[in-house]
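Reviewing the structure listed below.
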Amino acid sequence: MPSEKPDIIELNKWFKLAEDAHTPWKKQAQEDLRFVVGKQWSSEDLRILKDQRRPALTFNHILPLVNLVSGYQRQNRQDIKVHNKKDGTREVAEILTAIIKDVHDNSTGDFEVSMAFLLGLITAKGFLGVNIDYDNDPYNGELRIESHSPFRCYPDPFHERYDLSDAMFFFTTAWLPKRRIELSYPEKKKELEGMETESDDRMLYSESSTSSDEDTYAEGEGTSGAHGLSDVDKYKYRVKQCWRREFEVETFLYDLVSGKAKLVDLPAEKIKNILKRAPNWRKIKRVTPRVHLNTYVGNVMLQEIEPYVDTKNKQYGLRNFPIVPFYAYWFENQFLSIVTPLKDPQQEINKRYSQLLHHLNMSSNSGWIGDSDAVQDWDELEQFGSRPGITIKKKRGSQLERIQPSVLSEGHLVLAREGINQIRHVSGIDPSLMGIVPERGKESGIALQLRQRQGITVLEPVLDNFRITKQLLGKVLIEMIQKSGAYSREEILRLVIDGEEKEFAINQRQKRFGFATGRILNDMSVGRYGCTVAQQPSNPTIRLANFYSLLEALKVGLPIPPDVVIKASDIPEKDAILEGIQKQQEAQAQAAQAKLKLDQDKLNLEAKKIEIEGSIKLAQAENKGGSK
């Protein structure tokens with residue numbers, strides 16, 4: 001278990017432990033990656049076939065399947081939505097959702113997420129991290145979502161939970177020149193001048209462009225790529241970052257009435273006095289994780305910090321690693337890509353078709369048999385004997401005839417076709433998903449839709465794992481938004497106001513969200529918030545996402561006014577449409593008021609008429625009584 005402030009020797013022990021556990025998967029993953037890009041023959045097989053002058057064909061059936069699954073994810077991207085849990089508010093959840101959307105937009109987050117998904121499909125592992133980039137904003141920085149190469153990520157090999165919540169450490173590596181390291185850590189320049197590294201932790205520039213294994217470079221003995229460079233310039237060095245968990249006992253005051261718990265860092269005597277004045281409060285202690293970061297190269301410790309700690313405001317650092325995994329298939333800490341089961345049938349296809357082509361090549365020049373003195377120049381016959389229309393002169397009475405080739409092997413053709421069928425069976429992906437439909441009239445449209453739906457069901461374990469990964473990414477983003485300071489109050493308000501131009505609307509939304517914004521920036525105990533992956537597809541802006549949510553609500557019959565829907569949209573001439581709706585509503589209101597007045601006048605006239613008729617009848621009755 002990691003201890004407090006480990007030295008480089010101890011860190012390297014952890015790294016070696018992770019690297020050794022990483023190696024078997026790495027070998028498998030590199031082979032899977034080669035198959036996807038079309039390098040499906042081993043170097044030994046290629047050498048043998050070349051020596052025998054035999055073809056080595058490659059019919060890449062794996063790449064289209066990988067593209068299909070990756071394309072399905074890209075066409076069905078979904079947004080991360082934050083929802084409030086205990087002690088949380090809906091306003092804060094809405095703000096966090098808007099900020100997460102903004103992070104995706106600013107950092108090409110959708111592309112990075114799709115790249116991690118693609119790498120997970122191919123190698124079984126993909127990793128997404130959240131980092132702060134200071135290129136465009138040197139003061140606050142910008143939150144960025146980044147896809148990490150799985151070949152440079154080394155999680156604790158003993159973790160048993162998908163979300164790495166039980167992992168004690170997580171290593172990432174990067175190959176950097178010494179000058180870049182010195183610029184990033186100028187206070188370490190003297191130590192870097194005398195730095196010592198193992199051979200595995202340095203490489204020549206020329207090796208970085210030719211090696212297929214990015215993490216097992218060995219020191220070379222000088223190449224043309226390093227000619228004329230100093231020791232400082234010709235090497236790259238492996239910089240290691242170790243995110244590690246330390247555990248501390250923290251004290252909370254728990255309110256039995258409200259159910260809220262507040263983290264406190266006070267002397268025991270003061271806590272005792274508080275409890276005397278507040279009989280509904282209880283003191284509880286819990287062991288909680290705190291994430292620390294060690295960055296080092298060779299024997300030089302470059303950085304040792306607890307990120308985003310603010311002792312002045314009693315703000316604690318990260319509870320979770322800022323990197324989340326995506327595993328295509330996860331079985332009790334065993335990893336499997338969608339490519340691995342397809343390699344055997346793919347090799348069968350390549351070999352059988354290559355043998356068929358070799359057979360055809362041999363048949364086109366099957367050779368000649370005859371008496372030794374049948375022709376004058378056997379070399380010429382050997383060289384040109386298969387040419388169409390060739391004329392051959394032979395000695396009278398001698399025997400000379402073409403060797404009849406053997407019949408083309410049907411077995412090889414059957415095995416090659418069976419390999420294609422096996423790829424479909426093993427992958428579980430129906431051909432209809434790739435646009436391959438049966439002959440017209442052979443299958444109904446309903447049956448085809450059912451087959452396509454079943455084909456997607458086969459992929460559901462992979463897609464479900466990816467949904468969990470996006471939820472974990474959302475939790476990391478929430479923590480980074482709250483603690484990194486990358487978003488100011490003004491930036492957050494601009495996001496939640498979302499382009500409204502009318503002063504009344506701005507003031508209204510500022511009043512609604514201003515307090516919630518302050519809680520996000522100033523109070524880290526803003527309640528609990530969870531993440532879900534939205535059911536509707538991802539949209540370019542949070543406003544457009546809200547627009548589609550309103551449309552879904554209209555479909556189920558909710559009485560949403562048209563002007564509310566228009567305000568949430570990005571349609572052209574929106575203001576003119578809203579003005580037209582307002583005028584129409586005013587005209588309708590005036591017409592309704594006029595109709596109401598007319599109806600009232602009619603009622604008044606009718607009442608007056610009844611009153612007059614009553615008076616006449618009363619007068620007539622009185623006249624009759626007087627005459628008597």
Exercise for the section: Could you grab me the full set of residues in the stretch 163-193 that are at pLDDT below 95 and of a type in the set (S, T, Y)? Expected result: S165, S184, Y185
Handout entry: Meets criteria (farther than 30 Å from R244 by Cα, part of a helix (DSSP H, G or I) and not aliphatic (A, V, I, L, M)) for K50
Key = yes
Completion exercise
So, first residue crowded, with 17+ Cβ neighbours inside 10 Å in the stretch 283-296, second residue outside any strand (DSSP E or B) and β-branched (V, I, T), Cβ within less than 6 Å, six or more apart or across chains; the pairs are Y296/I8
Practice task
Would you mind stating whether L96 is within 16 Å of the chain's Cα centre (by Cα) and either aliphatic (A, V, I, L, M) or modelled with pLDDT of 90 or more (or both)?
Solution key: no
Practice task
Would you mind stating whether E214 is at pLDDT below 50, surrounded by 13 or more Cβ atoms within 10 Å (Cβ to Cβ) and over 33 Å from the mean Cα position of the chain (by Cα)?
Solution key: no
Problem - Of the criteria (1) surrounded by fewer than 18 Cβ atoms within 10 Å (Cβ to Cβ); (2) modelled with pLDDT of 90 or more; (3) assigned to a helix (DSSP H, G or I), which one T58 fails - result: (3)
Practice task
Report yes if T23 is more than 24 Å from P150 (Cα to Cα) and either hydroxyl-bearing (S, T, Y) or in contact with a Lys or Arg (Cβ under 6 Å, 6 or more places away or on another chain) (or both), otherwise no.
Solution key: no
Practice task
Tell me, yes or no, whether the stretch 300-309 has at least one residue that is modelled with pLDDT under 85, more than 23 Å from W14 (Cα to Cα) and assigned to a loop (DSSP other than H, G, I, E, B).
Solution key: yes
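State all residues of the stretch 148-171 that are hydroxyl-bearing (S, T, Y) and surrounded by 21 or more Cβ atoms within 10 Å (Cβ to Cβ); if no residue qualifies, say none.
Y154
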Problem - Among residues of the stretch 326-357, those that are out of contact with any helix residue (DSSP H, G or I) (no Cβ under 9 Å at 6 or more places or on another chain) and in a helix (DSSP H, G or I), counted - result: 1
Practice task
Could you please let me know if K85 is surrounded by fewer than 17 Cβ atoms within 10 Å (Cβ to Cβ), among the charged types (D, E, K, R) and touching a Lys or Arg at 6+ places or on another chain (Cβ under 7 Å)?
Solution key: yes
Practice task
Run L118 past the list (1) at pLDDT below 85; (2) within 22 Å of the chain's Cα centre (by Cα) and report the number of the one that doesn't hold.
Solution key: (1)
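The values are calculated or read from the model by the stated rules, or taken from the named source; none is laboratory data. These numbers were taken from a predicted model, which means no experiment stands behind them. We place every Cβ from the backbone using ideal geometry, glycine too, and count neighbours over all the protein chains shown.
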